[in-house]
Amino acid sequence: MSGFKKYYQKTWNERLQVLEEKHLLNVNEITYLRELVSANSLGDTVIENFITEYSLPEGLGLNYLIDGQEYVIPMVTEEPSVVAASCHGAKIIKAAGGFKTKLVERLMIGQVLLENVVEAEKLIAKLEDYTAQMLKVANDAHPSILKRGGGARWIRLRILDHDLISVDLAVDVKQAMGANMLNTMLEAVANFIQRKFNQDILMSILSNYATSCLATAQCEIPVDKLAKGNISGLQVAKKIAQASRVAQLDVYRAATHNKGIMNGVDAVVLASGNDWRAIEAGIHAYAARDGQYRGLSNWKVEADKLIGEMTLPLPLGFVGGSIGIVPLVKINHKLLQINNAEHLERIVVCVGLAQNLAALNALVTEGIQKGHMHLQMKSLAVTVGAKLTEINMLVNLLEKDKVRDSANAKKLLEQLRK
Ligand code: NDP
């Protein structure tokens, strides 16, 4: 497709023109893409081959009481029922006194990977003598972080195989996620090792497995607050604890258990302008830290209380990346009433735990579909072409009907329009 040659060098208008010339989109569709781009859009400066803006809904997670303080939490998600479930889970926990959080430390880890190592043990011994020097090399590569009170903290040497060594560097990146500053430091350390030991380097890059940046949320819910219909609170609590046990034992359940947690985590990570792929990768790796992929949260019943706890690696930034670029992120920081990354970590881990409680609570009692259906019906109505004024009427018809698929939704919409 020759029109796509050096596509990134074309202007925005030229790029859209190519789509029309190649008959990939018609004039109306191109106009639609144009209309989605506001005059102050930064898309063209942020990514390559930019054509339009893709937006997602933002809503507020309410009822959050964290370490004695109330929060309204911006959440960005396309999935119906995530925000509603979040509010519901947080409400149960608020009525029980709210969340308590703790942070262990806040260091980012990166790796310099050495290849074609001849005698790994011997090289490790030599490298150990240069630890202090390597830390200095790292700090000299990004001195401004020292002025902020951060900088390289420790080096760990690991033999991965007879010919492969990982030199792990941990850095206090202060308020940033730190990917770029860490990568700069790692490349400097790699250069040093290469020159000093004439050693082959495979690569230098941060690790998303952020085991030195952990946030924990806890809550304790009196079981009587969980009673539902004719199911006692104790029964619900025991079933939630059992569901948590299954997620520890079975990877099929663990993946879904954790997906529910990430529904909340990702929504706040996105709203705060952070890199959700980085957070996803780190959290799933952490879920498999003992060799088996397990549920991230733990729920147990003790002395008439359901006790929940979850620890997540959350190397979130309060500055850097797209955070300073996307104006909505600043507004979301303001809504959250936070001024540092540590605060954001505490909030995100609580949202994950609330989301998990809401999902488990629904699953072990009435099932997930009851709460989901109303919102899913709305999505179905939009999918089959209902206009804004028709959506609620069509949802009502669908809810009365046993068949809730798109063919029936289309039929009902046609009847509605007659
Ligand atoms: P930036 O490259 O934007 O760096 C953040 C910068 O913010 C720092 O270098 C520092 O610059 C400045 N800064 C201002 N105030 C502070 C403060 N209080 N604490 C710390 N820094 C401060 O972002 P990051 O390095 O955080 O990298 C995040 C980006 O990297 C994301 O967009 C991510 O998607 C991307 N990325 C992710 C990777 C991964 O996850 N594997 C790999 C590569 C990139 P100065 O000290 O010079 O003033």
- Just checking, which of Lys300, Lys259, Lys330 is within 16 Å of the ligand (Cβ to nearest atom) and open to solvent by 60 Å² or more (accessible area, probe 1.4 Å)? Lys330
- Task: Please work out which residue is farthest from the ligand (Cβ to nearest atom), limiting yourself to segment 178-197 and to residues that are open to solvent by 40 Å² or more (accessible area, probe 1.4 Å) and under 25 Å from Ile279 (Cβ atoms).
- Result: Glu187
- Message: Just to be sure I understand, how many residues within segment 204-256 are hydrophobic (A, V, I, L, M, F, W, C), more than 30 Å from Met181 (Cβ to Cβ) and in contact with a Lys or Arg (Cβ under 9 Å, 6 or more places away or on another chain)?
- Response: 13
- Message: When the residues of segment 124-142 are narrowed to those that are assigned to a helix (DSSP H, G or I) and within 30 Å of the chain's Cα centre (by Cα), which ends up farthest from the ligand (Cβ to nearest atom)?
- Response: Ala138
- Here the qualifying pairs (Cβ atoms under 7 Å; residues six or more apart or on different chains; first in segment 229-256 and assigned to a helix (DSSP H, G or I); second open to solvent by 80 Å² or more (accessible area, probe 1.4 Å) and of a type in the set (Lys, Arg)) come out as Gly233/Lys225; Ala241/Lys300
- Message: With more than 14 Å from the chain's Cα centre (by Cα) and within 16 Å of the ligand (Cβ to nearest atom) as the only criterion, which of Gly308, Gly321, Gly291, Gly295 stands out?
- Response: Gly321
- Query: What number of residues in segment 210-229 are within 16 Å of the ligand (Cβ to nearest atom) and either buried (at least 19 other Cβ atoms within 10 Å of the Cβ) or more than 25 Å from the chain's Cα centre (by Cα) (or both)?
  - Reply: 3
- Task: Those residues that are under 30 Å from Glu70 (Cα atoms) and either modelled with pLDDT under 95 or crowded, with 23+ Cβ neighbours inside 10 Å (or both), I need them from segment 107-118; list them, please.
- Result: Met108
- Message: Just checking, does segment 241-253 include any residue being open to solvent by less than 70 Å² (accessible area, probe 1.4 Å), modelled with pLDDT of 95 or more and within 14 Å of the ligand (Cβ to nearest atom)?
- Response: no
- Message: Being among the polar types (S, T, N, Q), in contact with a helix residue (DSSP H, G or I) (Cβ under 9 Å, 6 or more places away or on another chain) and under 25 Å from Pro74 (Cβ atoms): is that true of Thr256 here?
- Response: no
- If you check Arg277 against the conditions, is it assigned to a helix (DSSP H, G or I) and either over 30 Å from Ser55 (Cα atoms) or touching a strand residue (DSSP E or B) at 6+ places or on another chain (Cβ under 8 Å) (or both)? no
- Does Met373 count as open to solvent by 10 Å² or more (accessible area, probe 1.4 Å) and closer than 19 Å to Asn263 by Cβ? yes
- Could you list, in sequence order, all residues of segment 333-355 that are touching a Leu at 6+ places or on another chain (Cβ under 8 Å), more than 16 Å from the ligand (Cβ to nearest atom) and open to solvent by 10 Å² or more (accessible area, probe 1.4 Å)? Leu335, Arg346
- Query: If we scan segment 357-369, do we find a residue that is over 24 Å from the mean Cα position of the chain (by Cα) and hydrophobic (A, V, I, L, M, F, W, C)?
  - Reply: yes
- Val268 vs. criteria crowded, with 16+ Cβ neighbours inside 10 Å and not in a strand (DSSP E or B): yes
- Candidate set from segment 162-176 (those that are open to solvent by 40 Å² or more (accessible area, probe 1.4 Å) and within 15 Å of the ligand (Cβ to nearest atom)); member that is farthest from the chain's Cα centre (by Cα): Lys174
- Message: Any residue in segment 196-215 that is among the aliphatic types (A, V, I, L, M) sitting within a Cβ distance under 8 Å of a residue that is in a strand (DSSP E or B) and open to solvent by 70 Å² or more (accessible area, probe 1.4 Å)? List the pairs, counting only those 6 or more apart or interchain.
- Response: Ala215/Lys102
- Message: Looking at segment 143-159 only, could you name the residues that are within 16 Å of the ligand (Cβ to nearest atom) and surrounded by 12 or more Cβ atoms within 10 Å (Cβ to Cβ)?
- Response: Ile145, Leu146, Arg148, Gly150, Gly151, Ala152, Arg153
- Item | Flag for Ala303 being among the small types (Gly, Ala, Ser) and farther than 30 Å from Ala95 by Cα | no
- Query: Name the pairs whose Cβ atoms lie under 8 Å apart, with the first residue in segment 41-69 and without any contact (Cβ under 8 Å) to a residue 60 or more places away in the chain, the second of a type in the set (A, V, I, L, M) and assigned to a strand (DSSP E or B), and 6 or more positions between them or separate chains?
  - Reply: Pro57/Val76; Gly59/Met75; Leu62/Val72; Leu62/Ile73
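The values are calculated or read from the model by the stated rules, or taken from the named source; none is laboratory data. Keep in mind it's a predicted model, so treat the numbers as computed, not measured. So basically every Cβ, Gly included, is an ideal-geometry build from the backbone, and we count neighbours across all protein chains shown. When the accessible area is computed, the model is the full protein with side chains, heavy atoms only, and any ligands, DNA or RNA have been set aside. Shrake-Rupley method; radii C 1.70, N 1.55, O 1.52, S 1.80 Å.
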